[in-house]
């Protein structure tokens, strides 16, 4: 029998709107921004912020 893990609380998958993502990106990469501080404030991993930056960056 397979083991099933139920995620609750902060471990759950969250949905962020495009506006929320852009707001967090501006906060993290603004003049006084810090990715790690912003990630902690929003209870997320810094890698997620970098992934969003890559997603919203114009193609090269």
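The table that follows gives values for the structure above.
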read-out	value
Residue in the range 6-14 that is at pLDDT below 95, on the phi > 0 side of the Ramachandran plot, more than 10 Å from the chain's Cα centre (by Cα) and exposed (fewer than 10 other Cβ atoms within 10 Å of the Cβ) present	yes
Subset of the range 30-52 (residues that are surrounded by 14 or more Cβ atoms within 10 Å (Cβ to Cβ) and part of a helix (DSSP H, G or I))	35, 38, 39, 46, 48, 49, 50, 52
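The values are calculated or read from the model by the stated rules, or taken from the named source; none is laboratory data. These numbers were taken from a predicted model, which means no experiment stands behind them. Please note: Cβ atoms are built from the backbone with ideal geometry, for glycine as well, and neighbour counts cover all protein chains shown.
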